[in-house]
1. Roll a 1.4 Å probe over the protein chains and send me the accessible area per residue for region D:260-384 in Å².
2. Just to make sure I understand: if all protein chains stay in place, what is the order of D:25, C:391 by accessible area at 1.4 Å, largest first?
3. Summing Lys, Arg as +1 and Asp, Glu as -1, what charge do residues with Cβ under 12 Å from the Cβ of residue C:50 carry, residue C:50 excluded?
4. What translational diffusion coefficient, in µm²/s and rounded to a whole number, does the Stokes-Einstein relation yield for the protein assembly as shown at 4 °C and a viscosity of 1.567 mPa s, taking the hydrodynamic radius as the Kirkwood radius over Cα pairs?
5. Hey, what number do you get for chain A at 222 nm if only DSSP H runs of n ≥ 4 count, each worth -39500 (n - 2.57), divided across all residues, to the nearest 500?
6. For helix A:331-344, what angle does its Cα long axis make with the longest principal axis of chain A, in degrees from 0 to 90 and rounded to 10?
7. Probe radius 1.4 Å, ligands and nucleic acids left out: which of C:82, D:395 has the largest accessible area, and how do the rest follow?
8. Can you bin region D:260-384 into rounded, prolate or oblate? Criterion: square roots of the alpha carbon gyration tensor eigenvalues sorted a ≥ b ≥ c, rounded for a/c under 1.5, prolate for a/b above b/c, oblate for the rest.
Amino acid sequence: MALIYDESQRQIAEECDRILKNAFSAPALKQLLEQSGAYDTGFWDICVSQGWPAIAVPEAAGGLGLGLSEQGIVAQACGKVVCGAPFLNTGYAVSEAIGRFGDAAAREKWLPALAAGEVKGIVALAEGRAPLPKAPAVRFEDGRLTGTKTAVPGGGAGDLAIVLAATCDGPALVLADLSGAETRRHLLPTFDNSRLAADMAFAGTPAQLLAADGIQAARTILCLLAVATAHEQVGGAEAVFASARAYALERYAFGQPLAAFQSIKHRLAENYTLIELARSNAQYAAHNVDDPHFARYAAAARIAATEAYDTASRDAMQVFGGLGGTWEADLHLHQRRARTLAVEIGNNLFWEDELVEELRRAC
Amino acid sequence: MALIYDESQRQIAEECDRILKNAFSAPALKQLLEQSGAYDTGFWDICVSQGWPAIAVPEAAGGLGLGLSEQGIVAQACGKVVCGAPFLNTGYAVSEAIGRFGDAAAREKWLPALAAGEVKGIVALAEGRAPLPKAPAVRFEDGRLTGTKTAVPGGGAGDLAIVLAATCDGPALVLADLSGAETRRHLLPTFDNSRLAADMAFAGTPAQLLAADGIQAARTILCLLAVATAHEQVGGAEAVFASARAYALERYAFGQPLAAFQSIKHRLAENYTLIELARSNAQYAAHNVDDPHFARYAAAARIAATEAYDTASRDAMQVFGGLGGTWEADLHLHQRRARTLAVEIGNNLFWEDELVEELRRAC
Amino acid sequence: MRAETAIQQYRETARRWLEAHAATHGAPARRGLTPEQDLALGRAWMALKYDAGYSGINWPREHGGQGLGALEKLAFEEEEMKFGFPTDYFAVSLGMPVPIILRYLTGDWVLERARAALRGEEIWCQLFSEPSGGSDLAGLRLRATQDQATGDWRLDGQKLWTSYAQYCDYGILVARHDPTLLKHQGLTYFWVDMRAPGTTVRPIKLADGSDHVNEVFFDNVLVPDSQRLGPVGGGFKVALETLVIERHHASDPAGFGPALNLFVREAAAADVDGVPLLEDGRVRERIARNYALQNGLRAIQARNQLMLGLGMEPGPEGAVNKLVSARARQRLSEFVLDLRGAAGVTWEPSGRLDDWVRSWISAPTGRQAGGSDEMLLNTIAERILGLPQDHRPDKGVPFNQIPK
Amino acid sequence: MRAETAIQQYRETARRWLEAHAATHGAPARRGLTPEQDLALGRAWMALKYDAGYSGINWPREHGGQGLGALEKLAFEEEEMKFGFPTDYFAVSLGMPVPIILRYLTGDWVLERARAALRGEEIWCQLFSEPSGGSDLAGLRLRATQDQATGDWRLDGQKLWTSYAQYCDYGILVARHDPTLLKHQGLTYFWVDMRAPGTTVRPIKLADGSDHVNEVFFDNVLVPDSQRLGPVGGGFKVALETLVIERHHASDPAGFGPALNLFVREAAAADVDGVPLLEDGRVRERIARNYALQNGLRAIQARNQLMLGLGMEPGPEGAVNKLVSARARQRLSEFVLDLRGAAGVTWEPSGRLDDWVRSWISAPTGRQAGGSDEMLLNTIAERILGLPQDHRPDKGVPFNQIPK
């Protein structure tokens, strides 16, 4: 890993862009918006065939043994095309959780399957408005989970989940096998349906302990997921910003290109600035994944990425004028995804709090 | 009082502008910045000779018997010229406190003197960072005050203060006579010295009770003061905005007036917007001084006015370019005053909290 | 003061009347209706208003109106707005097209149109915007070609963003009759029959799933010269005249999004891991800033109405409403999604005004309709503050030589 | 990787050396000094650096430098910055004027100037800006008139914003030799002796009370033609060349205001009526947003330095630093005053970098120095994003016919 991508990392980035460029289909994505419970299986097949779920899985477990920087590179490419399935980053989070906290049996059982894309990993930590609930309503007892996690991203199709659940000794991080009939999924209608948000009702779902200090373990995984997601957000921001820039150059008003108006120029320059800050934050966090201050870099990356993607998609619609608000213009794909990614793993208020606590401790 | 100024109110406004235009002296104001403890006595003499301290004092007590709208009109005119003494609005607050909460003796003793400008009223409610401290360190017992209020605006020269002070029955609002040797004033060096901020050490200062429910009474007075101050802030914002507009029209760069650049146009248009919102909020609050929702209108006026003045002065300096940051350019008079008025009677965090509590109660 | 009281009484009476019909024609009655059913309810509502004397409140009596002032109209609209009546379909129709034809035409035919429009039986649309640019009215390209023999016209081209065109009977339209003239000089103004052969309406689906704006295509559509309003080449002037007819509308300081008290209520009822949302300074800041903004807009509106009532011309500061309220609505709606946590993504498309997700998803359109932020800022800068116009390379150039 | 380690070692060595001198020449030693004393300390510090081999780090050895790379220079500057050494007086001098004369002149005289400048014995200023506009370099008006007989020049006019001119021995200057030519073509470049008769330096007092920038007046000042750099009419080109010499500086993500951890510390220690400030979401938001911004800038800087070390040209994104850091500094400093309550107004003028009031009061100047926000945004838009230039009515027009 490096702050500047090395040759192989640059190759990964280019290869991802090349592959996804040909696979991207706005009409298909928009079709997914209008139904609940479907995701872009074609997109996911590409991920699997390209070995992307294996990136951060150790080589011994059938993975590529790469790290968060490479995960981020792929996520960024997927973000550019508003990827049609949520499992790449959530699967990474599950792999990391198993790799860091699981026993040998768990690692042997699940990591190769995750790496091969045979098992789709998802993350079910949040409850209600709390990304890391101090007293989860979902309980873990005798190897079984009971209770409901609401609006779990990917919940409609995940096979394996990391779950923050209450035990007699406080919240623990556990690994839940979702394949059986003990788990009921209630798909939610959302403004970004291919994320497969679902309420997950556990009624004796088999699970195993990953970490007894569940909050701390979950926080570690959430930070990793946040950095991977930040890359995805940056990719989305870059793509929607590129659309806005191109449109401003091509479209004329009052006899000159929109891009000649200072208000448009400055808006785009501000967008560029936010995106560069977000990208640099994300790369920096990924590069420093083993640093004692990783948590603050992760929070900074998350905050900057959320602001950049929200702003770039909001402003792109503004640059496009009336056209920007149409179903046809595709910009709303980014508008939706920007917000979905902004709330799925904790809003910026949560991450601001996390960051301030980190900084306070250092004072 | 009216939402649209009537003929007599318009006359007051014009008369104030006319008088103060001739009295305004930027060099004198800048001289005041460089010394502690001096205020613009010439300005205050004008206020007194014009009868402005008498505006809201009842006619029976030697006043003009007008109200908050008129107080605001004068404050707005004074704000335009970065008035060189703080006593007009603080005196109004003291008069209102006495008029609303004082007994007949207090009214007879103090109101005529306040109206005549013989006595300068000031407001000493805050302690530390709390505009309305729940447990003031200053105590009121047996008709005497003990303890210290820090950074009291006008503290360097005030004769009579309303003070929020602890009693056995909780915080009370009291009226303190500052003329004796029991009160020591320690003038503070500030970035806006003519405001006469001073630490006031009370060592047996004679005082009398105005209201036993001190927080509620103080809040009422603070709201009145906030609306008067909002007018002053609007006046300041208008003046500094007018400078920026004029400069942008007159100054050329790249062969065209600054005002032809869209970034400058839009910045000024945004300023105009903030100022119009602030002015309308302030007038609305003054007009509705007897409305049960006055507290929320006052908070809204305060919040909008602080934002407008801060922004207009910040942006004016930006429009002026390098020149804006010079001592000579006078804009820093507004920069300083904007911030001084922003913090003197509670920052916007405080007023946001006040407003939200009002709205919450209605829910 | 007397005028104020009279208006107050008018408002009270109207409110009582509106309240009496809210259950049958207001928001509750509209839940679950198909668009066709909703339109039918709207027509019924218009007829009801007509019969009760609440149609064309500030129109002259000889045009079928009530002969009252802008103030009565505003008072009624403000009250009507609160109940969610199905009036959207008719707002443009009665706001601009019908008044302008009443100004340019005389006789029974036009009076009959006015009556039918007031009763909701007929709807008129305004065909100004084109794909070439919503902000640049005079940049339109739709061609009007005059037959030298008959004097009649043929229209060819496309209009865009035409609200409710799919339901409209007639429209007003500006076309370019001569592209070799300067931009503003080559325009001519007509009214058209939306059912004339060659006219095609195609709804545009918006990001929020709604489709009440349209593209309208004109393919060799015959328009008799008698349907021309104003002289050949006078189209721009008539268009500007049209746009200023409806100077005083009731506006919504919430930017036509959910009311702020809904936000306060939602935040007051919620917590994050036991900490009440309303205790969070960030939530408080949003509430307070939005309240101050909306209160400022209400104050401006109240003052302007008072001035109207006194026969004075309201100040120009009303122009800030749409700029700040639409932007603020967008940010506040976004923030609501944040506060809802992961479940903030939940949504089923609806047309409901109290739906924060709809408010957020349609906000970009809200920031364009009636002028983009940039246009509004320019308008404030130029018209109110007297700052110079932007550089305009299209000035003094024949239309067909302007860079596109 | 090897290069990275070598730099790391260079940095460590430098830091140890800097630490050893912090007490005698750094921030603590400067407290309470008069400006003259501080300058004297600065000169002593420069001599010390020169003797230790830390002067002109990336200058060629033949010019008196160390012959190292930009990376070593940046590493040293970043470390040096932390201790508050009195280096301000010399930054411009060594950054642009001396390098440009070294490029255009040869011989002992110029080498002697370089050595004296590196040792802090002589200081050079840059006389570019004028009252007519800081942003518009080529709009300058100071006249240079050539004596047809001798070929020498007379300067008449005024420069503005010249940093530390009151202490300077020499300066570089652009003047207009022919106002009938196009704006960019009528300029010629000179070096000048700041003590030449007719030269008057007048310090400008800034809002924060400081006066290290100046007006410089030229009244019929004789400048031999030998002091011309580049051809007559080539002044704009030499000026641009000057501006790009110092491409890579150590920048400060706090916008040269107090460090963010000072804010966190202040907020962590304070409460409002018993509620800790750091619990307030509004305070948290400011801290977190500023941290994310500064961390992003640090990340860009770290990456660019790595690239320099690898012999690659850093990306253009460094341009965002000054734009966002100066703005953010202004807002954060304002907010600190808010948090301090009524006592937030307390202040005695000081030059201390950890003074939030000074930071706030001087922020407007910070947002201008090195390019206003508007210019920086234009630069990003045009140079990085490839968007069109603004409308430029001054283009293609003789200078004396441009509207002023």
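The values are calculated or read from the model by the stated rules, or taken from the named source; none is laboratory data. None of the values given here were measured: they were computed from a predicted structure. Positions of Cβ are generated from backbone atoms using ideal geometry, with glycine treated the same way; all protein chains shown enter the neighbour counts. All accessible areas refer to the heavy atoms of the entire protein, side chains included, with ligands and DNA or RNA removed. Shrake-Rupley method; radii C 1.70, N 1.55, O 1.52, S 1.80 Å.
1. 34
2. Correct descending sequence by accessible area is C:391, D:25.
3. Result for the neighbourhood of residue C:50: +2.
4. Answer from the Stokes-Einstein relation: 36 µm²/s.
5. It comes out at -18000 deg cm²/dmol, rounded to the nearest 500.
6. In chain A, helix A:331-344 runs at an angle near 30 degrees to the longest axis.
7. Ranked from most to least accessible, the order is C:82, D:395.
8. prolate
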